[in-house]
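J.: Dropping a structure here in structure tokens format, bear with me for questions.
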Amino acid sequence: MRASEDFDERFGQQPVLASKLKPPRLRMALNRSRLLERIDLAKKIKLVNLCAGAGFGKTTMMAQIAQTFAGHSAWYQIDALDNDPAFFIRNLVAGVTHACSLTPERTQARLNETTDFSSDGESVLAVFMDELGEQNSTPLVVCFDDLHLLEPSGSTLRLIEAFLQNLSEKVSVVIASRTTTGLTLSRLRSQGAVFDVGEVDLKFSLEELSALMNAWDISVSDTTLRQVHKSTEGWAAGLVLTEAYLRSGDEAPDLFAHRMMQKNVYEYLAEEVLRKQPAEARDILMKVALIDPLDPAICMQSLGN
């Protein structure tokens with residue numbers, strides 16, 4: 001990952017990873033207007049909570065929210081490094097500062113003088129939020145992707161919770177996670193300020209699938225369209241994995257009816273689910289009945305074993 005020299009010069013000793021602060025490029029993604037029309041951050045919604053398993057399109061949905069937002073947007077890609085609260089705060093401050101063109105001098109001073117971010121991180125964040133409120137008059141949405149990669153009882157999750165509990169009128173947040181986050185959201189929920197989006201919401205409807213085929217410039221019969229929808233159950237990753245098969249003109253695409261499609265699905269699950277589990281959990285998952293129907297050779301090859 002490449003460090004941003006501009007960020008490094010302004011925010012102290014630790015390098016800031018610019019790649020963490022860039023939203024993904026959307027490749028031929030369907031505009032999910034059905035959901036976007038319900039997410040009105042200009043009104044009382046302060047937090048959009050996207051929670052679904054791998055491949056349901058959380059990141060794409062978040063990127064579309066950021067693209068259509070009438071104001072500044074700051075992207076933050078969470079990974080295991082963010083379990084270090086010092087690393088997290090420096091990158092978050094750099095990302096929001098860059099998005100809003102701020103000059104947070106008091107925050108920079110606090111960053112440079114703070115040595116224990118586990119105990120003093122919230123006070124640093126409080127100074128930054130004060131400066132953000134003082135210097136930024138334009139609405140801002142901050143997007144946190146892959147929140148499930150944070151330790152449930154770690155300092156960084158508590159910092160995000162403090163950030164959420166002290167949002168100014170101009171700031172909203174979108175979070176995406178594969179599991180429930182453990183964040184305390186009761187205050188925001190009591191204010192009607194949380195909009196939850198789950199797997200049922202993210203599944204593509206038959207109408208959305210038809211629109212996606214048009215966006216991909218793929219011509220299919222109504223029968224094939226229904227077969228695809230039944231086979232994938234509207235799972236976004238399944239639709240993407242089916243794309244090449246549909247382009248070949250096959251009239252009966254099924255995620256598990258052909259070995260090549262099986263291989264594509266298993267490789268995706270191995271990369272996005274199994275590979276990211278601890279070694280012990282991976283071994284157990286490979287042995288339980290749920291995994292037994294999968295081709296072991298394909299799974300092991302995909303995992304690099």
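The values are calculated or read from the model by the stated rules, or taken from the named source; none is laboratory data. As the structure is a prediction and not an experimental result, all values here were calculated from the model. Cβ coordinates were reconstructed from backbone atoms using ideal geometry, including for glycine residues, and neighbour counts include every protein chain displayed. Heads up: the accessible areas ignore ligands, DNA and RNA and are worked out on the full protein's heavy atoms, side chains in. Shrake-Rupley method; radii C 1.70, N 1.55, O 1.52, S 1.80 Å.
J.: Rounded to the nearest angstrom and ordered from largest down, what semi-axes does the equivalent ellipsoid of region 17-98 get from its C-alpha gyration tensor (root of 5λ)? Kindly include the intermediate steps, with their values, before the conclusion.
T.: Numbers: eigenvalues 110, 49, 33 Å².
One finds semi-axes of 23, 16, 13 Å for region 17-98.
J.: How large is the accessible surface per residue of region 120-203, computed with a 1.4 Å probe and reported in Å² as a whole number?
T.: Values: 3550 Å² over 84 residues.
Value for region 120-203: 42 Å² per residue.
J.: Another one. For region 60-132, count the residues as N, evaluate 2.2 N^0.38 Å, and divide the Cα radius of gyration by that value, please.
T.: Values: Rg = 13.3 Å, N = 73, 2.2 N^0.38 = 11.2 Å.
Computed over Cα atoms of region 60-132, the ratio equals 1.19.
J.: Moving on. For region 65-223, take the alpha-carbon Rg, divide it by the Kirkwood Rh, and send me Rg/Rh. Intermediate values should be presented prior to the final figure.
T.: Working: Rg = 18.5 Å, Rh = 17.5 Å.
Ratio value, two decimals: 1.06.
J.: Let me ask something additional. For Arg27 and Ala109, what does the FRET efficiency come to when R0 = 35 Å and r is the distance between their Cβ atoms, rounded to the nearest 0.05?
T.: Details: r = 42 Å, r/R0 = 1.20.
Approximately 0.25, to the nearest 0.05.
J.: Between Asp217 and Ala54, what's the calculated FRET efficiency when r is the beta-carbon distance and R0 is 22 Å? Round to 0.05.
T.: Working: r = 27 Å, r/R0 = 1.23.
Here the calculated transfer efficiency is 0.25.
J.: Further question: For every other residue with a beta carbon closer than 13 angstrom to the beta carbon of Leu206, add +1 if it is Lys or Arg and -1 if Asp or Glu, then tell me the sum. Walk me through the intermediate numbers first.
T.: Numbers: positive: Arg34, Lys203, Arg226, Lys230; negative: Glu207, Glu208, Asp222, Glu233.
Counting the neighbours of Leu206, the net charge comes to 0.
J.: Determine, for each peptide in 29-39, 84-94, 126-136, the mean count of other beta carbons within 10 angstrom over its residues, then list the peptides with the highest first.
T.: Put in order of decreasing packing, that is 84-94, 126-136, 29-39.
J.: Once you put a point 7 Å from the Cα of Asn83 and another 7 Å from the Cα of Arg34, both along the Cβ direction, what distance in nm separates them?
T.: Between Asn83 and Arg34, the label points sit 3.7 nm apart.
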